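Colleague: Before I ask anything, here is the structure I am working with.
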């Protein structure tokens with residue numbers, strides 16, 4: 001039994017350079033996650049859609065103009081339409097207004 005304890009004790013004592021490599025890898029990973037999260041919400045727009053006489057405005061963010069506007073259109077059309085077919089028809093229309101939000 002002593003040999004297992006000794007080998008377990010040796011396994012618990014990892015060299016410091018391995019710990020530093022693991023710590024630096026974890027810090028780099030968190031940094032990449034934070035950076036990519038901020039890049040996804042660079043552009044922010046308020047988009048208004050008119051469908052069947054009703055108008056709704058929604059604000060959405062995205063990494064590009066097209067992504068942000070499309071996301072806001074999807075929000076608007078979900079609230080303005082009744083069912084999948086109307087939602088598709090609503091999304092096929094151009095927005096009635098688009099304005100940047102800062």
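No value in this document is a laboratory result; all are computed from the given coordinates. Treat the numbers as computed from the prediction; the structure is a model and nothing was measured. All Cβ positions, glycine included, derive from the backbone under ideal geometry; neighbour counts span all protein chains shown.
Colleague: With a ≥ b ≥ c the root eigenvalues of the C-alpha gyration tensor of region 43-100, is it rounded (a/c under 1.5), prolate (a/b larger than b/c) or oblate? Walk me through the numbers on the way to the answer.
Modeller: Details: a/c = 2.31, a/b = 1.72, b/c = 1.34.
In terms of gyration-tensor shape, prolate.
Colleague: What does the highest-first list of 83-95, 47-59 look like by mean Cβ count within 10 Å? Present the calculation step by step, with values, prior to reporting the outcome.
Modeller: Working: 83-95: 12.6, 47-59: 15.8.
Ranking, from highest mean packing down: 47-59, 83-95.
Colleague: Using alpha carbon centroids, what distance separates region 77-93 and region 14-72, in Å?
Modeller: Spelled out, the Cα-based centre of one part sits 26 Å from the other.
Colleague: Now for a different question. What share of Cα pairs, in percent, lie more than 18 angstrom apart in region 17-60? Walk me through the numbers on the way to the answer.
Modeller: Working: 555 of 946 pairs.
When every Cα pair of region 17-60 is considered, 59 percent fall beyond 18 Å.
Colleague: Explain nothing, just the number: relative contact order of region 43-100, from Cα pairs under 8 Å at least 6 residues apart, as a whole percent.
Modeller: Working: 104 pairs, mean separation 24.2, N = 58.
In percent, rounded to a whole number, it is 42.
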